[in-house]
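Throughout, read-outs are computed from the coordinates displayed, never taken from laboratory work. Being a predicted model, the structure only gives us computed values, none of them experimental. Reconstructed Cβ throughout: ideal geometry from the backbone, glycine too, with neighbour counts over all protein chains shown.
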């Protein structure tokens with residue numbers, strides 16, 4: 001669990017501070033835990049890329065499908081990449097899998113984390129375009145339930161927010177949450193607003209607010225999934241049956257509340273973050289079937305899990321300057 | 001198209017390397033606190049290589065199920081002993097927990113392969129044709145949980161490798177053992193502070209990482225420098241990382 005507080009060196013002499021830091025260094029802080037979570041997800045993605053199906057034409061056809069409805073300037077490169085993968089499935093897929101495994105291992109290692117995070121940003125942007133068709137945000141198919149704005153772009157976002165550097169060197173004014181440590185609280189809150197605000201918008205697009213839009217989306221996930229997950233899908237689909245408009249409005253309101261939540265005082269901001277985590281996990285399980293990994297063919301855990309990780313990075317910490325006595329106890 | 005055979009060959013080679021390293025540690029290390037871990041890695045490496053490449057097949061899958069059931073029971077006992085000695089919190093970071101899960105995953109995988117063999121009439125140990133001959137996991141949710149654990153523990157190990165914390169985790173939390181008759185050799189092989197663990201149960205003071213390296217090897221011990229390096233705890237952790245990723249790979253292609 002992420003630490004509830006940000007401990008600070010306080011007014012210790014430089015020598016004592018470095019000694020105490022050296023004693024504490026081996027155990028990860030909140031940001032390091034989140035980096036390790038990101039690394040584990042990249043590693044999972046890389047291993048999933050080794051599935052048999054990924055070496056078949058089905059994989060390239062799946063990628064080509066993301067071109068549909070997109071402008072030509074977006075769709076044409078997707079189709080080119082799809083043809084390339086069709087012609088060289090083993091070489092391309094093995095490369096993809098290896099890259100993702102290395103990204104996971106690179107982020108996990110303290111020596112290579114910066115290189116790996118930078119590479120993950122470039123890789124994520126490429127996959128977001130060539131593999132996810134920009135998450136469907138330009139073709140009208142995007143929905144918070146089906147993975148908008150594209151799971152892989154959230155990897156890039158996390159790589160930025162969790163970058164191992166701090167914008168402020170002022171110990172007296174630490175970042176109020178992990179995501180603000182590099183970009184600062186204002187920019188971090190703006191990113192949050194854009195992310196969750198756009199999800200609220202996508203929840204209200206035409207395809208999502210039809211009577212059976214969300215029902216069909218969720219019901220269609222059950223095929224091939226284990227019994228318990230298919231039962232969850234059927235239960236959720238039953239609740240959404242002919243309730244598409246109402247469900248879309250409720251979802252959009254929840255997402256809008258979350259989007260505004262980080263601008264509120266700390267107790268309310270914490271409530272918004274908790275709501276974000278819960279909603280993301282509900283979507284991940286009931287709407288995304290854990291990325292359809294259990295049914296075979298999933299290449300990643302989809303966006304729900306990543307949204308939850310992003311939300312945790314915004315958990316408002318209780319800032320308390322560390323006293324020399326406290327450091328001695330911690331050490 | 002199934003998974004290309006050369007990819008399976010690479011993973012099998014990695015497993016054989018892990019088995020060889022672990023067997024070497026067993027051979028030169030005498031009785032150490034983590035002897036059971038090296039033995040388990042040796043067995044797992046051989047078994048997984050055989051399941052990935054048919055020509056490396058050794059024992060029938062049903063035999064491997066029994067072997068790893070015993071190994072699982074052993075590590076369950078070790079984890080329980082750790083929890084009794086140091087509290088339930090040790091379950092999150094304990095020395096033997098990952099090995100318990102790895103052993104359980106081996107039972108799970110080989111049980112699935114045994115079932116597939118009965119169903120298809122195919123011989124086992126031949127995954128060169130791809131995942132079809134390895135069977136399909138009957139409870140994919142459990143397989144997914146194992147995969148998540150393998151990925152999470154691999155990145156945790158990588159984060160900790162080389163740090164002082166790894167050293168404390170690898171040495172301080174080892175349960176009491178009776179060392180071999182050559183105390184100087186066995187104590188040095190078990191790492192600095194092992195005597196304190198055996199004698200008083202107190203954790204040793206943090207020391208520099210890699211303290212099981214050449215400088216700590218006993219003078220006069222045959223091949224002491226190489227042996228010291230081989231007995232470095234980071235070698236065992238490296239083996240565990242490779243084992244975890246390879247197991248996750250096998251579980252994924254059996255989903």
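Please order A:202, A:55 by the number of other Cβ within 10 Å, starting at the fewest.
By the 10 Å Cβ count, ascending: A:55, A:202.
Pairs of Cα atoms under 8 Å, at least six residues apart: use those to get the relative contact order of segment A:122-263, whole percent.
Across segment A:122-263, relative contact order equals 21 percent.
Whole Å is fine, so just give me how far the alpha carbon centre of segment B:76-108 lies from that of segment B:1-59.
First find each Cα centre; the distance between them is then 21 Å.
Need the C-alpha centroid separation for segment A:59-94 versus segment A:228-252, integer Å.
Cα centroid to Cα centroid, the span is 32 Å.
Once Rh is set to the Kirkwood radius over Cα pairs, what Stokes-Einstein translational diffusion coefficient, in µm²/s, holds for chain A at a temperature of 25 °C and a viscosity of 0.890 mPa s?
Result for D is 116 µm²/s.
Choose one answer from A:184, A:235, A:227: the residue with the largest mean-square fluctuation in a GNM of chain A with alpha-carbon springs under 10 Å.
Answer for the Gaussian network model of chain A: A:227.
Calculate, for residue B:62 and residue A:115, the FRET efficiency according to 1/(1 + (r/R0)^6) with r their C-beta to C-beta distance and R0 56 Å; round to the nearest 0.05.
On the way: r = 46 Å, r/R0 = 0.82.
Using R0 = 56 Å, I get an efficiency of 0.75.
Just want to confirm a number: the relative contact order over chain A, from Cα pairs under 8 angstrom separated by 6+ residues, in percent.
Numbers: 510 pairs, mean separation 73.1, N = 331.
Reported as a whole number, the value is 22 percent.
Shielding by partners for A:34-47, please: the mean number of other protein chain Cβ atoms within 10 Å of each residue's Cβ. Don't jump to the answer; show the numbers that get you there.
Values: counts 0, 2, 5, 2, 1, 7, 9, 4, 2, 10, 9, 1, 5, 13.
Mean shielding count: 5.
Could you sort A:288-294, A:300-306 so that the peptide with the highest average Cβ count within 10 Å comes first and the rest follow in order?
The most tightly packed comes first, giving A:300-306, A:288-294.
Can you tell me how segment A:84-164 classifies by the Cα gyration tensor, rounded, prolate or oblate, using a/c under 1.5 as the rounded cut?
oblate
Peptide A:225-234: average number of partner chain Cβ atoms within 10 Å per residue?
Values: counts 2, 6, 1, 1, 2, 0, 0, 0, 0, 0.
If you average over the peptide's residues, the count of other-chain Cβ atoms is 1.
Which part of segment B:21-43 falls in the paramagnetic zone of residue B:81, meaning amide N under 12 Å from the point 7 Å along Cα-to-beta-carbon?
B:32-37
With a 10 Å cut-off between alpha carbons and a GNM built on chain A, which of A:275, A:103, A:162 moves the most?
A:275
Can you pull the mean other chain C-beta count within 10 Å for peptide B:238-245?
That works out to 1 on average.
Angle check, please: helix A:89-108 long axis (alpha carbons) against the longest principal axis of chain A (alpha carbons), in degrees 0 to 90, nearest 10.
The angle comes out at about 20 degrees.
Restricting to Cα pairs below 8 Å that are 6+ residues apart, what does the relative contact order work out to for segment A:178-248? Please round to a whole percent.
Details: 62 pairs, mean separation 22.8, N = 71.
Contact order relative to length: 32 percent.
When the helices in chain A are scored as -39500 (n - 2.57) per DSSP H run of 4 or longer and the sum is shared across all residues, what 222 nm value do you end up with, to the nearest 500 deg cm²/dmol? Numbers along the way, then the final one.
Numbers: 16 runs with 204 residues, N = 331.
Counting only the DSSP helices, I get -19500 deg cm²/dmol.
I want to verify a result. In a Gaussian network model of chain A, Cα cutoff 10 Å, which of these has the top mean-square fluctuation: A:198, A:52, A:248?
Looking only at A:198, A:52, A:248, the largest GNM fluctuation is found for A:52.
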